[in-house]
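*Asks:* Here it is, the structure in full.
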Ligand code: PLP
């Protein structure tokens with residue numbers, strides 16, 4: 001059989017065995033509507049509340065502060081739109097974020113800007129970090145919410161969330177963080193870190209696609225996201241995604257336990273990849289600072305290489321990875337994240353993101369190191385701009 005290496009865990013993850021087996025009864029046996037009063041309905045309700053408890057425990061939050069959503073994108077939308085619309089009436093129409101957030105935040109901010117909100121996009125430095133001073137200096141008496149991602153999805157850089165939380169608390173501004181990539185890689189304590197709202201996505205932590213959660217600190221007003229039934233305390237109507245909610249509970253429990261060991265194992269593989277690639281492949285560079293950085297993330301640019309061609313060649317060798325360019329509307333756009341850290345277009349186009357997790361092995365690393373230099377050589381030999 002051909003070798004297969006999945007190194008795109010920042011895009012999505014496999015459903016873990018324990019998660020899978022925990023979900024199954026809720027598809028086949030305990031399929032009752034959680035709002036029904038007979039026993040399989042009550043069983044379903046109990047399981048949802050147990051999952052809520054598990055998600056809350058993983059963040060040091062209260063179960064009543066957790067709302068289940070359809071995905072991380074929905075959680076981001078809900079947090080920003082709810083606070084913005086609620087506080088606009090009080091004359092607060094200013095939002096602070098960064099220029100390298102996920103599009104779930106950036107496009108939501110663009111939408112709110114069209115509604116009259118003023119948005120400050122803090123620029124990250126060339127290593128992919130912002131400082132808490134930048135946040136402090138940007139806050140005005142009109143600021144409704146600060147939304148800063150915990151860790152970047154493309155380059156893995158981790159932001160000073162506790163410092164920003166302390167500043168927002170002091171300034172009485174609501175602080176939201178998109179922690180979709182950080183869950184399972186960093187220990188999060190919403191109370192100690194003064195986080196008011198936090199977004200989670202299930203499919204990044206071995207739960208299925210189509211389930212997420214939003215943490216909302218008690219006292220922060222949350223507007224209805226979907227009008228309908230009384231689900232999610234009247235705020236998000238619609239019969240609950242029972243099996244996936246159960247899955248998210250188990251996945252959160254596993255992701256937030258044993259972080260240190262997992263991070264150590266994964267970071268070792270990542271560092272071996274980075275060291276070896278930079279040593280053996282000329283004109284390659286690491287994008288984003290090395291510390292603090294997600295244990296599983298590496299993002300490397302290769303001069304005179306085109307990202308999509310690189311991904312296709314790697315796919316032919318059985319390696320799944322991502323690149324910093326995305327083919328949208330027929331044009332090959334370089335990633336806004338790589339542009340934000342100051343990479344020239346042509347370098348940003350030739351970038352490769354490998355994202356590892358605890359399912360990866362040393363053999364996976366060996367295999368990537370075996371095939372990657374050859375793939376780069378082939379692409380450079382075909383490149384009109386490669387000068388050797
Ligand atoms: N935020 C970040 C940082 C992400 O990496 C992603 C997904 O890649 C999302 C939000 C969106 O999550 P979902 O795919 O669950 O909508």
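Here, each number is a calculation from the coordinates, and none is a lab measurement. Computed from a predicted model, the values in this text were never measured in an experiment. Quick reminder, even Gly has a Cβ in these numbers, built from the backbone with ideal geometry, and neighbours come from all protein chains shown.
*Asks:* With everything on Cα atoms, drop me the angle between helix 161-171 and the longest principal axis of the chain, reported from 0 to 90° to the nearest 10.
*Replies:* Value to nearest ten degrees: 40.
*Asks:* Once the Cα atoms of helix 362-382 and of the chain are each reduced to a long axis, what angle between those two axes, in degrees from 0 to 90 to the nearest 10, is obtained?
*Replies:* 60
*Asks:* What list do you get for 103, 203 if you sort them by fewest beta carbons within 10 Å?
*Replies:* Values: 103 12, 203 23.
By the 10 Å Cβ count, ascending, the order reads 103, 203.
*Asks:* While we're looking at this one, here's another question. Between region 167-221 and region 259-282, how far is it from one alpha carbon centroid to the other, in angstrom?
*Replies:* The distance from the Cα centre of region 167-221 to that of region 259-282 comes to 27 Å.
*Asks:* Here is a further query. If one takes the longest principal axis of the Cα atoms in the chain, at what angle in degrees, from 0 to 90 and to the nearest 10, does the Cα axis of helix 259-280 lie?
*Replies:* It works out to around 20 degrees.
*Asks:* Run the helix sum for the chain: -39,500 (n - 2.57) per DSSP H stretch of 4+ residues, divided by residue count, reported at 222 nm to the nearest 500 deg cm²/dmol. The partial results should precede the final answer.
*Replies:* Details: 13 runs with 162 residues, N = 388.
That comes out to -13000 deg cm²/dmol.
*Asks:* Okay, next question. Can you tell me the Rg and Dmax of region 80-226, counting just the alpha carbons, in angstroms?
*Replies:* Rg and Dmax of region 80-226, Cα atoms, are 14.4, 42 Å.
*Asks:* Give me the distance in nm between label points sitting 7 Å out from Cα along the Cα-to-Cβ direction at residue 370 and residue 12, one decimal.
*Replies:* Those two pseudo-labels are separated by 2.8 nm.
*Asks:* Which part of region 158-183 falls in the paramagnetic zone of residue 138, meaning amide N under 12 Å from the point 7 Å along Cα-to-beta-carbon?
*Replies:* Once the point is set 7 Å along Cα→Cβ of residue 138, 176 turn out to lie under 12 Å by backbone N, inside region 158-183.
*Asks:* For a footprinting-style exposure proxy, rank 367, 38 by other Cβ within 10 Å, fewest first. Walk me through the numbers on the way to the answer.
*Replies:* Numbers: 367 18, 38 9.
Listing 367, 38 from fewest to most nearby Cβ atoms yields 38, 367.
*Asks:* Give the span of the chain's Cα atoms along each principal axis, as three whole-Å numbers ordered largest to smallest.
*Replies:* 68, 53, 40
*Asks:* For residue 276 and residue 291, compute 0.36 nm times the residue count separating them, minus their Cα-Cα distance, and round to one decimal in nm. Let's see the in-between values first.
*Replies:* Numbers: separation 15, 0.36 × 15 = 5.40 nm, distance 1.81 nm.
Stretched fully, the residue 276-residue 291 segment lengthens by 3.6 nm.
*Asks:* Just want the ordering: 232, 363, from fewest to most Cβ atoms lying within 10 Å of their own Cβ. Show your work: numbers first, answer last.
*Replies:* Numbers: 232 21, 363 10.
The fewest-first ordering by Cβ neighbours comes to 363, 232.
*Asks:* Measure out, as a whole number of angstrom, how far apart the alpha-carbon centroids of region 1-59 and region 75-89 sit.
*Replies:* Distance between centres, Cα-based: 28 Å.
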